[in-house]
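Working notes, beginning with the structure itself.
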Amino acid sequence: MASEAINSSQNIEDKWYRYWMENNYFHSEVDEREPYTIVIPPPNVTGILHMGHMLNNTIQDVLIRRARLQGKNACWVPGTDHASIATEAKVVAKLKEQGINKNDLTREEFLKHAWDWTHEYGGVILEQLKKLGCSCDWERTKFTLDAEMSESVIKTFVNLYNKGLIYRGYRMVNWDPEAKTTLSDEEVEYVEQNGKLYYINYKIEETNETLTVATTRPETILGDTAICINPNDERFAHLKGKKAIVPICNRVIPIIEDDYVDIEFGTGCLKVTPAHDMNDKALGDKHNLEVIDIFNEDATLNSFGMHYQGKDRFVVIEEISAELETLGCLQKTENYINKVGASERTKAVIEPRLSDQWFLKMEDMVKPALKAVLETQDIKLYPKKIENTYRHWLENIRDWNVSRQLWWGQQIPAYFYGDGKEDFVVAETKVEALKLANEKTKDGGLKIEDLKQDNDALDTWFSSWLWPISVFDGIRNPDNKEINYYYPTNDLVTGPDIIFFWVARMIFAGYEFRDKKPFNNVYFTGIVRDNEGRKMSKQLGNSPDALKLIEDYSADAVRAGMMLLSSGAGNDLLFDETKLQQGKAFKNKILNAYKLVSGWEVSETIEQPESSRIALEWYDSKFQSAFAEMEDHFSKYRLSDSLMTIYKLIWDDFCSWLLEMVKPGYQQPIDRKTFDAIIKAFENNLKVLHPFMPFLTEEIWHQISDRTKEEALIVSEYPSVKEINSEILSGFEIASEVISGIRTIRKEKNISFKETVKLSVVNNIDASTSFDSVIKKMGNVESLEYVSEKIDGALTFRVKSNEYFIPMEGTINIEEEIEKLTEELKYAEGFLKSIQGKLANERFVNNAPEKVVAIERQKEADALAKIETLKGSLEGLL
């Protein structure tokens, strides 16, 4: 049966997704309606669906389907990212398996392999998103290396260069020796590592003295070009103007003075290696020191590494420390914990490296982005606490290194015509570059073959930062009707880990190129973790197969389960498969409810019972109350709370109460008026649930009635907020407690539900009698009478201050009942004593929150009322 249900879900999902696609419901064109636009965070082109994608894209689909139901022109633009570092690494690895070295290929030959790889493995994730039910406008699918997208990127680079915002500089950069490319600061993650601190002795030239330097990187001594001391450190005052000798290579280097050196750290002496440390480079520039780079691009040592040439840096650390010990230069080593920069992609330890790179100036670009989020609130971040992270990064930002030593990506449009560092021009095409080069050289003799384009590619993020603009062709054609209609977009849903890589940079781009924000709101999802709190990864093997979950539970159940797992924007969530089971149970509950309703025989002649009339009137107000609450949650981006409101409405109020209140007797028909109202209520439930569980709701919608394509649920009319009858809601609260009280007595006294009972009420709170017909039906009450005095010898319960009596009529053992009531009274009096003790404590009453004190006072009032009822019951039995 389970496999049949699964197959049934798969068939239903395939059927309705095909129906939606065939009728083009997902596609958007510019028209007179209000637009609602989302651009997908483009996943890696060769990626596959994982749990983070499932959460992120479910949220986006909920938002887009709701907007579509609201009558907005909903446009969700999908696409993929070329992911230069990750994709190139995979292609290089594949070529290596085939015995092909990238360095033996031309750029064109390598790119052919890369495109073959992309065509073979690319786009799979977009097909997987369809299985989840994502209603993207697939006709608009973009890839960051599409011709028109690349043209936008190149145009942007040229534009920024011409504005003086992009420049070429020889700078210390983050070098990934595995990917053999530079990385931006944001692509480096810092991890704690257990290492060692090496204390190395340097001889002072022409003396028998030594000075000791502490370093975590003994292999870099071969690149040392100075020793630095603090001019205020009296311990080394006698070394001013002297020189030291670097162990092993015996290079004579100056001892310089600078107050940058921390007297308290280590030995107070600092080895200066300008080629391999950012701070050392600054010192080297200040003191005009020689720069000696000892590493190759793969972090093996070069000829400056002497007899260690060709060996990996980590191997050399061990070997050079042994040599230093043999030479008597290693004074001691200590265990040391420090933070090491690692590549976010390859996990390789980063090397600081001096290199000619292209940079984008950030100083002025961040200003409108700071203002939009932190001052004017034109862009709202959810959760708000993430604004602090955003502020810190933007206020401490450095120029963006936009060049990468890769081939997969947009090639930098800089063309060199000579050997000098400034012998280049920047242009969109080679033809334009030739014209500019001839103008710059003023001789006009250059030919197209004299130009050599920069070999590097642009950072992937330099294409995706344009995403909300470029997907609507707003860079190449800045005044086209689509960019003017769809931009700025409405909501962005993304992970907190790319707030700097992508979110902030899109804001920079929005104000730089359109003088407008790119989106109104940013919803940051949490990170999906396993039940131990670990981030899911292939290496840990703790990431479930997303498609298998859909196959096992259905797309609707997975979507609902993921939303139920979520605890709000920005909060990490621990994956728990029981939530998917809860989603599946919810789906089955709805299916069973429809099966029940659709199985009723409808009579055109019988009148609507009073109990059904009031029940439907109540549910109409209950729905409106829940709908208003749900919409409030949506306005605050509390989507999981919104779903939980719908969940409780359907499970508790609709299925457990309304259907039971209107359900006809066994083998009896239901009146037409009630049946039609139930169907309308069911349809409203389906409308508000549809964004969360689209397949199930569309299936039932069409089972209820034959619909034209214009009448499909996906494009039906969303409910609107109407006036709520609060009086009828409070009336039902009392009635439901009365019904529960009757059921409790039946259960405790073993009174069959088939057996009618009589009910008498002392109506102390003047409760509405509107639900009396419902109470009689749901409690199988033969007669309901309002009395002014207590009924002796009756079973009793209390709802608020009202007392309810059910005559025993010989069905109860009096002695057992007295004993039971006496025990209950004893417990209630003990409970009252503890509450009154707390309230007598002035410290508690004065210091506890007002709401907490109010709760305790209500407990006291309830306990007093219960004690009074129990005493009354006992008096009636004695």
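Just the number, please: percent antiparallel of the DSSP beta bridges in the chain, rounded to the nearest 5. That works out to approximately 70 percent antiparallel.
Within the stretch 409-477, the percentage of alpha carbon pairs spaced more than 14 angstrom apart rounds to 63%. With 0.36 nm allotted per residue and the present C-alpha distance subtracted, the THR326-HIS392 stretch has 19.0 nm of extension available. Taking each of LYS130/LYS622; LYS481/LYS636; LYS94/LYS452; LYS130/LYS680; LYS385/LYS579; LYS72/LYS380 in turn, the alpha-carbon distance tops 24 angstrom for LYS130/LYS622; LYS481/LYS636; LYS94/LYS452; LYS130/LYS680; LYS385/LYS579.
Expressed as a whole percent, the accessible surface of the stretch 699-752 that belongs to carbon and sulfur atoms is 44, based on a 1.4 Å probe.
Here is the list for the stretch 754-799: GluC sites (Glu not before Pro) lying in DSSP coil, each with at most 13 other C-beta atoms within 10 angstrom of its C-beta, are GLU755, GLU789. Shape of the stretch 438-483 from its Cα gyration tensor (a ≥ b ≥ c, root eigenvalues): rounded if a/c is under 1.5, otherwise prolate when a/b > b/c, or oblate? In terms of gyration-tensor shape, oblate.
Placing pseudo-labels 7 Å out from each Cα toward the beta carbon at PHE314 and TYR336 gives an inter-label distance of 1.9 nm. Annotation for the stretch 1-91: GluC sites (Glu not before Pro) lying in DSSP loop with at most 15 further Cβ atoms inside 10 Å of their Cβ are GLU29, GLU32. The charge dipole of the stretch 608-675, taken about its Cα centre with unit charges on the Cβ of Lys, Arg, Asp and Glu (plus for the first two, minus for the last two), comes to roughly 160 debye.
The lysines within cross-link reach of LYS758, meaning a Cα-to-Cα straight distance under 18 Å and a gap of 8 or more places when in the same chain, are LYS747, LYS749, LYS776, LYS777, LYS790.
Normalised by 2.2 N^0.38 Å, with N the number of residues, the alpha-carbon radius of gyration of the chain equals 1.28.
With both labels modelled 7 Å from their Cα along Cα-to-Cβ, the ASP356 to THR106 distance reads 2.3 nm. Using a 1.4 Å probe over the heavy atoms of the protein chains, calculate the carbon and sulfur portion of the accessible area of the stretch 419-556 as a whole percent. Carbon with sulfur: 47 percent of the solvent-accessible area.
Excluding same-chain neighbours fewer than eight residues apart, the aspartates and glutamates reachable from LYS535 by a Cα-Cα span under 14 Å are ASP497, ASP572, ASP576. Across the stretch 508-524, coupling constants 3J(HN,Hα) worked out from phi with the 6.51/-1.76/1.60 Karplus curve, θ = phi - 60°, read 3, 5, x, 6, 5, 9, 10, 6, 9, 5, x, 7, 8, 9, 10, 9, 8 Hz, and Gly and Pro carry x.
Computing FRET efficiency as 1/(1 + (r/R0)^6) for GLU856 and GLU532, where r is the C-beta to C-beta distance and R0 is 25 Å, gives about 0.05. Distance between the modelled labels on GLU711 and ARG476, one decimal in nanometres: 4.4 nm (7 Å Cα→Cβ projection). With the biggest extent put first, the Cα atoms of the stretch 804-873 measure 53, 20, 13 Å across the principal axes. In this structure, LEU864 and ARG743 have a Cβ-Cβ separation that, at R0 = 30 Å, corresponds to a calculated FRET efficiency of about 0.75. With K and R counted +1 and D and E -1, the other residues having a Cβ less than 12 Å from that of GLY418 yield a net charge of -2.
Residue ranges 763-775, 611-623 sort as 611-623, 763-775 when ordered by packing (mean number of other C-beta atoms within 10 Å per residue, highest first). Counted residue by residue at 0.36 nm each, then reduced by the alpha carbon distance between them, the extension gain from ASP258 to ASP652 reaches 134.5 nm. Measuring r between the beta carbons of LYS790 and SER726 and using R0 = 41 Å, the FRET efficiency lands at 0.85.
Averaged over its residues, the chain has an accessible area of 47 Å² per residue, based on protein heavy atoms and a 1.4 Å probe. Classified by the C-alpha gyration tensor, the stretch 477-596 has an oblate form. Its axis ratio a/c, with a ≥ b ≥ c, is 1.5 or above, and a/b does not exceed b/c. Loop-resident trypsin sites (Lys or Arg not before Pro) (DSSP state other than H, G, I, E or B) in the stretch 743-785 with no more than 12 further Cβ atoms inside 10 Å of their Cβ: LYS754. With all protein chains in place and a 1.4 Å probe, the accessible surface of the stretch 69-209 carries 46 percent carbon and sulfur.
Would you list, by chain and number, the lysines whose Cα falls below 17 Å from the Cα of LYS339, excluding same-chain residues fewer than 8 positions away? Here the lysines satisfying the reach criterion relative to LYS339 are LYS196, LYS347.
By definition, a body whose alpha carbon gyration tensor gives a ≥ b ≥ c is prolate when a/c is 1.5 or more and a/b is larger than b/c, and the stretch 347-441 fits this prolate description.
Remark: for residue pairs LYS421/LYS442; LYS281/LYS421; LYS240/LYS361, the C-alpha separation exceeds 29 Å in LYS240/LYS361.
The values are calculated or read from the model by the stated rules, or taken from the named source; none is laboratory data. This is a predicted model, so every value here is computed, not measured. Neighbour counts are summed over all protein chains in view; Cβ atoms, including those assigned to glycine, are modelled from backbone coordinates with ideal geometry. In case anyone asks, the SASA skips ligands and DNA or RNA and just uses the protein heavy atoms, side chains included. Shrake-Rupley method; radii C 1.70, N 1.55, O 1.52, S 1.80 Å.
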